[in-house]
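A short reminder: the numbers here are calculations on the coordinates, not readings from a lab. Keep in mind that this is a model prediction, so the values were computed, not measured. No Cβ is skipped: glycine too gets one built from the backbone with ideal geometry, and neighbour counts run over all protein chains shown.
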């Protein structure tokens with residue numbers, strides 16, 4: 001039963017392409033609303049010149065409508081990964097997966113998770129005693145990785161995977177064949 005609920009939740013997640021399209025649509029809507037608000041300015045100027053009481057009444061309605069619309073938008077607007085404020089007790093794994101979902105997409109998460117699990121166990125201070133590699137992604141030379149913040153280590157690892165393998169799935173396939181990546 002629990003797996004069925006998980007499947008239903010996954011059904012409503014946006015792919016990275018759908019997410020990008022929704023952001024573009026949201027930006028277009030904001031521009032249209034800004035133009036509309038600018039045009040309303042001229043209507044209010046005309047009202048002010050003719051009937052001051054009508055002008056004041058229409059301003060009050062506009063402010064009320066704007067406040068209600070803002071509350072509605074804040075309550076129901078989906079939050080992007082970049083907008084979510086990190087809480088203090090996130091684990092390293094949760095942060096990596098959250099950034100990876102945005103960077104690579106949902107279909108790449110398993111492979112990336114396996115690579116990091118096998119390389120460092122999601123420990124950003126992990127050091128391989130035999131090779132001297134360190135950090136989440138087991139980078140050489142070690143000094144550069146240990147001096148980086150967690151976010152910098154994650155971004156470095158993502159860039160390494162993109163540059164060398166294009167995707168985490170390709171990197172994990174290589175890792176399975178060779179025991180390293």
Quiz item: Can you sort 156, 53, 172, 180 by how many other beta carbons sit within 10 Å, fewest first?
Solution: 53, 180, 156, 172
Quiz prompt | Ratio of the Cα radius of gyration of region 92-178 to 2.2 N^0.38 Å, where N counts its residues | solution = 0.99
Practice problem: Using a Förster distance of 30 angstrom, determine the FRET efficiency expected from the C-beta separation of residue 19 and residue 144, and round it to 0.05. | Solution: 0.40
Self-check item: Separation in nanometres of the label points that stand 7 Å from Cα toward Cβ, at residue 152 and residue 94
Solution: 2.5 nm
Exercise. Could you work out the equivalent-ellipsoid semi-axes for region 21-73, taking the square root of 5 times each eigenvalue of the Cα gyration tensor, largest first, in whole Å?
Key: 27, 14, 4
Exercise. Would you list the P(r) distribution for region 103-151, with all Cα-Cα distances sorted into 10 Å bins from 0 and each bin expressed as a whole %?
Key: 28, 48, 22, 2
